[in-house]
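In what follows, a structure is listed as structure tokens, so that the remarks can point back to it.
The values are calculated or read from the model by the stated rules, or taken from the named source; none is laboratory data. Keep in mind the model is a prediction, meaning the values are calculated, not measured. FYI the Cβ positions are ideal-geometry reconstructions off the backbone, even for glycines, and counts take in every protein chain you see. Surface accessibility is based on the protein's heavy atoms, side chains included, excluding ligands, DNA and RNA. Shrake-Rupley method; radii C 1.70, N 1.55, O 1.52, S 1.80 Å.
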Amino acid sequence: MDEVPGSVGTSASFSLRLGQTMFASASLLFMSLGVEFYSYTAFCYLVTIMGLVIPWSFTLALVDGYSVLVKCPIRQPGILLIIVVGDWVLSTLTLAAACSTASVVNLLLNSHGSICPPKFCNRYVE
């Protein structure tokens with residue numbers, strides 16, 4: 001069976017999973033610092049989803065790292081199905097969280113300060 005770049009158990013997959021973990025952690029960190037994100041449901045949703053993505057990606061990075069070290073990529077259909085479904089669900093939820101957060105930021109910026117606290121909106125004004 002040919003090895004597809006980025007498939008589970010390869011060094012490319014390990015790198016991608018580490019990158020996914022780092023970016024999800026950075027998103028969670030920046031949302032939690034200095035912004036009253038809990039006032040807006042979309043931001044709470046983003047924080048919740050990133051809280052799910054971090055352990056999922058880190059666990060799969062550990063699995064990929066182990067597979068690379070022992071030089072035995074994962075080929076069991078049941079495990080691959082779980083990974084595919086988990087990635088599909090989390091990627092859909094992450095897209096929904098990013099879109100809802102972007103729409104709330106757009107709404108707040110276009111409200112001309114009537115509903116947007118200055119501490120929050122001043123971060124996004126050019």
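Using beta carbons and a limit of 9 Å, which pairs, at least six apart or on different chains, have the first residue in the stretch 1-26 and assigned to a loop (DSSP other than H, G, I, E, B) and the second one among the aromatic types (Phe, Trp, Tyr)?
Filtered contacts from the stretch 1-26: Gly9/Tyr66.
Hey, which of the helices (runs of 4 or more DSSP H) in the stretch 40-126, taking only ones fully inside, have at least 3 residues that are modelled with pLDDT of 90 or more and open to solvent by less than 70 Å² (accessible area, probe 1.4 Å)?
In the stretch 40-126, 41-70, 77-110 are the helices (runs of 4 or more DSSP H) which contain 3 or more residues that are modelled with pLDDT of 90 or more and open to solvent by less than 70 Å² (accessible area, probe 1.4 Å).
Scan the stretch 1-39 for residues that are of a type in the set (Val, Ile, Thr) and either at pLDDT 90 or above or more than 23 Å from Ile82 (Cα to Cα) (or both) and jot them down.
Thr21, Val35
Can you pull out every residue in the stretch 3-31 that is surrounded by fewer than 18 Cβ atoms within 10 Å (Cβ to Cβ) and charged (D, E, K, R)?
Glu3, the sole residue that qualifies.
Please determine whether any residue of the stretch 24-46 is farther than 21 Å from Ala96 by Cα and out of contact with any Gly (no Cβ under 9 Å at 6 or more places or on another chain).
Yes, there is a match, as at least one residue in the stretch 24-46 is farther than 21 Å from Ala96 by Cα and out of contact with any Gly (no Cβ under 9 Å at 6 or more places or on another chain).
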